[in-house]
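Everything below concerns the one structure shown next.
The values are calculated or read from the model by the stated rules, or taken from the named source; none is laboratory data. Here the structure is a predicted model, which means the values were calculated and not measured. Note that each Cβ is placed from the backbone with ideal geometry, even for glycine, and that neighbours are counted across all protein chains shown. Keep in mind that these areas ignore ligands, DNA and RNA; they rest on the heavy atoms of the full protein, side chains included. Shrake-Rupley method; radii C 1.70, N 1.55, O 1.52, S 1.80 Å.
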Amino acid sequence: MQTTDTQFITTVERHFLEGKRHNPHATSEFSWLLSGITLATKIIASQIQRAGLLEIVGEAGRVNVQGEEVQKLDEIANNTLIRCLGYRGNVGLLVSEEDDEPHVLSDQPDSGKYIVLFDPLDGSSNINANVNIGTIFSIMERDPNCTSPDMKARVLQPGYRQVAAGYVVYGSSTVLAYTSGHGVNMFTLDPSIGAFVLAQENIRMPAEGKIYSVNEANSRQFPEGYQQYLDWAKTEEAGYSSRYIGSLVADFHRTLIRGGVFLYPPTHKSPNGKLRLLYEANPLAFVAEQAGGMASDGRQRIMDKQPVQMHERTPLILGSKAEVEKVLSFLPPAGAAH
Ligand code: AHG
Ligand code: MN
Ligand code: MN
């Protein structure tokens, strides 16, 4: 009998469950959680594809905990993720860039095993320019030793405690990249069947790449070492190109595929950097490291940072190992006064 193509496609759910043999987290309950995220991002993708037609572009008329104007699509993405993850049964806490407090779904030790942290829509300023935007997610387990009644305390875990992380970039195609600690796998949404289909397994970030990605308009505000790095990178012999989309998830996706380094250094306006540790830097640092790359805040490994606040920001140097190390070579050694 002629087999149909569908018997050869590997969906993200099938790929994940087949990963059982080397991944203790590849349980059906975790797969059920992951399918909550993929369902949400498929709904978000469908909204974004029709944004201009659905009157959902523009501001929602409120400012979020970050002090930023919330876009209508930020809210739609946020509510979609909360709804799709809300009844997965094994999720205890949800942390969103858009909400000051965690959403408590269950604080029973036996049910709320997982904490999901997310930036529901990254690159919001690009929505009405039809530039790539994305969703970033991080999954941790509840720390059994943390019995604090303060739910915020339960989410303040360093990035090395992530059990999975990834992102979806909504562009010419909708692409999901995620890791559960055993390499990075990439899936493309096939709209004809509504499934994320395996596109590439065990992706490796190029060891180096002559591309730096930074908002040059801030460069005079950067600490001296970053400015010296950029002066070097702009020399003819260094031979770098500059690429900056302004959506972290899109700038990172390019870096994962083509190599290079993304930087968001401290500025006068954001002395601790602009990007958030728990749901932007940590998840992308996990993906980067699992693909052979590196992520630093200029002094230490991003995933070693002990968070102090849920929405805390961090400087971020993220990309090919040799390129991140090149930037660090211009900065004062860890521990020295910056
Ligand atoms: P978000 O839309 O989730 O607030 O994130 C925006 C971030 C990130 O996507 C991007 O790298 C950065 O803002 C761009 O900041 P600048 O415009 O200051 O360069
Ligand atoms: Mn963001
Ligand atoms: Mn966002």
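What do you reckon, is S31 outside any strand (DSSP E or B) and more than 27 Å from S270 (Cα to Cα)? It is true that S31 is outside any strand (DSSP E or B) and more than 27 Å from S270 (Cα to Cα).
Looking for something surrounded by fewer than 23 Cβ atoms within 10 Å (Cβ to Cβ), in contact (Cβ under 8 Å) with a residue 12 or more places away in the chain and among the β-branched types (V, I, T) - is there at least one such residue anywhere in segment 128-145? Taking every residue of segment 128-145 in turn, at least one turns out to be surrounded by fewer than 23 Cβ atoms within 10 Å (Cβ to Cβ), in contact (Cβ under 8 Å) with a residue 12 or more places away in the chain and among the β-branched types (V, I, T).
Could you please find all residues in segment 133-148 being away from ligand 2 (no atom under 12 Å from the Cβ) and either at pLDDT 95 or above or in a strand (DSSP E or B) (or both)? Across segment 133-148, the qualifying residues are S138, I139, M140, E141. The residue of segment 270-308 that is most open to solvent (accessible area, probe 1.4 Å), among those that are touching a Phe, Trp or Tyr at 6+ places or on another chain (Cβ under 7 Å) and either among the polar types (S, T, N, Q) or closer than 19 Å to V155 by Cβ (or both), is D304. Out of the residues in segment 147-202 meeting the condition of being among the basic types (K, R) and surrounded by 14 or more Cβ atoms within 10 Å (Cβ to Cβ), tell me which one is nearest to D107 (Cα to Cα). Top of the filtered list is R154. For segment 60-74, residues that are more than 21 Å from L277 (Cα to Cα) and assigned to a helix (DSSP H, G or I) total 2.
In segment 91-106, what residues are open to solvent by less than 70 Å² (accessible area, probe 1.4 Å), touching a residue at least 40 places away in the same chain (Cβ under 8 Å) and either in contact with a Lys or Arg (Cβ under 9 Å, 6 or more places away or on another chain) or among the aliphatic types (A, V, I, L, M) (or both)? Matches in segment 91-106: V91, G92, L93, V95, E97, P102. Only a single item in (1) in a helix (DSSP H, G or I); (2) modelled with pLDDT of 95 or more; (3) among the acidic types (D, E) is not met by D119, and it is number (1).
Just so you know, in segment 107-127 the residues that are β-branched (V, I, T) and in contact (Cβ under 8 Å) with a residue 60 or more places away in the chain include one that is farthest from ligand 3 (Cβ to nearest atom), and it is V116.
Of all the criteria given as (1) open to solvent by less than 30 Å² (accessible area, probe 1.4 Å); (2) modelled with pLDDT of 85 or more, the one not satisfied by G86 is (1).
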